[in-house]
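**Q** First the structure, which I've put down as structure tokens, then a few questions once you've had a look.
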Amino acid sequence: MNPDPVDPYLILVPPLTPQHPASSMRIRYLASSPWDHRVDLLALLVFQQEVEGSDGLDAEIMELDRRLDGLVRRAVEEGDFRGREEERLDFFLPGDGPRRAVVLGGGDADEADGELLRRLAGRAVRAAESRRLTGVTFVIPGPERLTDGLTEDRAVQAAAEGLGLAAWDFRELKATPEDLGAAPPPLVEEGWIHLSGDQSTDLGPDAVAAAGAVVAGQNLARDLQWRPGNVATPEHLAGVARQLAADHGLVVRILGPAEMEEEGMGALLSVAKGSDEEPRLIVLEYRGGSEDEAPLALVGKGLTFDAGGISIKPAKGMEDMKYDMSGGAAVLGAMKTLAMLELPVNVVGVVPSSENLLNGSANKPGDVVRSRAGKTVEIINTDAEGRLILCDALSWVVDHHSPRAVVDCATLTGSCVIALGHHAAAVMGTDETLVEELRAAGDRAGERCWPLPLWKAYRKQLESPVADLKNVGGRPAGSITAGWFLAEFVEDTPWAHLDIAGTAYGTEELPYQRKGGFGFPTRLLVEWVRSRAERSAS
Ligand code: BES
Ligand code: MN
Ligand code: ZN
């Protein structure tokens, strides 16, 4: 039986009622001159090459310098400002236009891609926050100053994403932030994007709207990541999916334990039985394409708290395992974005969700379980639970939706963090083209991934004396053997897997992020689907 769809969200969260809603910055395209627009803060960029004199100064910077009687040039001449990325100059402005200006170092102009604009827009928001200002106009330098291949609409979209992502914060569980030391700065509520010198503004509003969709999806993913295990339970995620369906006209289906039994999802159920919280398999369908077109499938690990099970994790840092549902959060976020973008494509999002705890019914090392696909699995380590919940979700979506391609994302292995650190997810799969599509989409979206080889030779490490497969392949190449495990459950469907253990959350802060959940890889998934939709349209 599906649980009662009425307000599951509030019923399950009685002790923690949101007090402070997350920000939703209003972002607009400014078609008129930024000098005529009253706003708290005007942010302008200067690249190193402009300071060094090899490139002339941007028209808007010249205007700022004129209004300040040469103070910008003076800062450059006195060596206070060299155009490096972390540098910033603050000014008050006379007149009825912007009240203040901030000049941000743009760094190397040869690297002025979308991700740089995203970061710099984030810096503009942080500059506003540090002065408790709530409105920003961000001016993008003229196209001749950006790298080749970055179109104007891409530039506007990336900058607007940077504003909207930077302006988000997770404050909903703080009852009285004012009492907890220094009051946090107010969130920046108004964002404007202007293309320097450009008057052909017809593409600006569309690019800003696209950014708004990305920001809404990625900030939803971050909210879900941040919510602790006692709030963001599997049923909570299911409730969020029902709400998304209601808001955006998606088809939702939630499987509980009874339906999972019928489906024979012995691997997923074996993880869930170690906890009092029921598992959910969350399915959201966006149907923007033609009726007969097979969908793309996005699958995300929704493990709402990973204690490791009987193979329990050490206490230190275990609280971070609330982020073990990051893949599921990004899939839900991406579904929201895709629906808002109204892309002409069919997409099915699947989130297997469970806790991994330990009680008298929990999996034990040595146990053998039967997966939905019929393959038996010897559980060597109960902490390798992600692949157990994912394998049943993968086989379910392959059988029920016959997707054109499947991409899963999961905080799957600590080994991935050792391999690539915090700057790229790992990508691997059964289809070289798909892997390359994802790598390229990640580059464009500023959420990078890098391939690991799924060579046959690694498969041996999963051989079990008692079952068809073991759930761990030993320490060598831990991310690859985890990938191999998943590959066993997708039949011939083109499939790729993103291991996001090092990139989904952390302390390594980009200017548009905050420490905690990053919403990664929402943008990557959206960009990949968008590229697929464009390809089938042309
Ligand atoms: N959720 C963890 C992986 C993880 C580790 C994510 C660190 C983020 C940061 C996963 O369920 C896990 O515990 N994996 C084990 C697998 C091992 C037992 C084969 C790991 O990586 O240690
Ligand atoms: Mn684990
Ligand atoms: Zn896990």
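A short reminder: the numbers here are calculations on the coordinates, not readings from a lab. Since this is a predicted model, take the numbers as computed values, not measurements. Quick reminder, even Gly has a Cβ in these numbers, built from the backbone with ideal geometry, and neighbours come from all protein chains shown.
**Q** Angle between the Cα long axis of helix 204-226 and the longest principal axis of the chain, 0 to 90 degrees, nearest 10?
**A** Around 50 degrees separate the two axes.
**Q** Treating the angle as unsigned and between 0 and 90°, give the value, to the nearest 10°, between the Cα long axis of helix 478-487 and the longest Cα principal axis of the chain.
**A** Relative to the chain, helix 478-487 is tipped by roughly 70 degrees.
**Q** A further question on this structure: Kindly put 41, 303 in sequence by how many other C-beta atoms sit within 10 Å of each C-beta, fewest to most.
**A** The fewest-first ordering by Cβ neighbours comes to 41, 303.
**Q** Something else: Roughly what would the spin-label model give for residue 457 and residue 534, points 7 Å off Cα along C-beta, in nm?
**A** 3.8 nm
**Q** By how many degrees, between 0 and 90 and to the nearest 10, does the Cα long axis of helix 522-537 differ from the longest principal axis of the chain?
**A** Here the helix axis deviates by roughly 90 degrees.
**Q** Hey, another quick one. Order 90-101, 231-242 from most to least packed using the mean count of other Cβ atoms within 10 Å.
**A** Put in order of decreasing packing, that is 231-242, 90-101.
**Q** Let me ask something else about it. If you wrap a convex hull around the alpha carbons of the range 229-537, what volume per residue comes out, as a whole number of Å³?
**A** 122 Å³
**Q** Right, next: In the range 498-528, whose amide N lies under 14 Å from the spot 7 Å out along Cα-to-Cβ of residue 313? List them in ranges.
**A** In the range 498-528, the label zone of residue 313 (backbone N under 14 Å from the point 7 Å along Cα→Cβ) covers 500-506, 517.
**Q** Ratio of alpha-carbon Rg to the 2.2 N^0.38 Å globular estimate for the range 418-538, to two decimals, please.
**A** Values: Rg = 15.9 Å, N = 121, 2.2 N^0.38 = 13.6 Å.
Against the compact-globule rule of thumb, the ratio is 1.17.
**Q** When all C-alpha to C-alpha distances in the chain are sorted into bins of 20 Å, what percent of pairs does each bin hold, rounded to whole numbers?
**A** Over the chain, the share of Cα pairs per 20 Å bin runs 23, 51, 23, 3, 0 percent.
**Q** Rounded to a whole number, what is D in µm²/s for the range 58-125 from Stokes-Einstein with the Kirkwood radius over alpha-carbon pairs (37 °C, 0.692 mPa s)?
**A** D = 256 µm²/s.
**Q** Starting from the Cα-Cα distance between residue 69 and residue 189, subtract it from 0.36 nm times their residue separation and give me the gain in nm to one decimal.
**A** Details: separation 120, 0.36 × 120 = 43.20 nm, distance 3.10 nm.
Separation in residues times 0.36 nm, less the Cα-Cα distance, equals 40.1 nm.
**Q** Please report the spacing between the Cα centers of the range 255-307 and the range 85-123 in Å, no decimals.
**A** 44 Å
**Q** Right, something else. Debye calculation, C-alpha points only, no solvent: report log10 I(q)/I(0) for the range 187-260 at q = 0.17, 0.26 Å⁻¹, in the same order as the q values.
**A** -0.84, -1.25
**Q** What per residue convex hull volume, in Å³, do the alpha-carbon atoms of the range 26-198 yield?
**A** Enclosed volume per residue, from the Cα hull, is 117 Å³.
**Q** Take the Cβ-Cβ distance between residue 62 and residue 246 as r, set R0 to 60 Å, and report the resulting FRET efficiency rounded to the nearest 0.05.
**A** Here the calculated transfer efficiency is 0.75.
**Q** For residue 86 paired with residue 151, estimate the spin-label separation in nm (one decimal), with each label point 7 Å from Cα along the Cα-to-Cβ line.
**A** 3.6 nm
**Q** Also, quick follow-up: What is the spin-label model distance, in nm, from residue 376 to residue 110 if the labels are put 7 Å beyond Cα along the C-beta direction?
**A** 6.1 nm
**Q** Further question on the same structure: How much FRET efficiency would the formula 1/(1 + (r/R0)^6) give for residue 175 and residue 464, where r is the Cβ-Cβ distance and R0 is 51 Å, rounded to 0.05?
**A** The calculated FRET efficiency here is 0.50.
**Q** Still on this structure, I have one more. Just to confirm my numbers, what's the Cα centroid distance between the range 132-149 and the range 450-467 in Å?
**A** 47 Å
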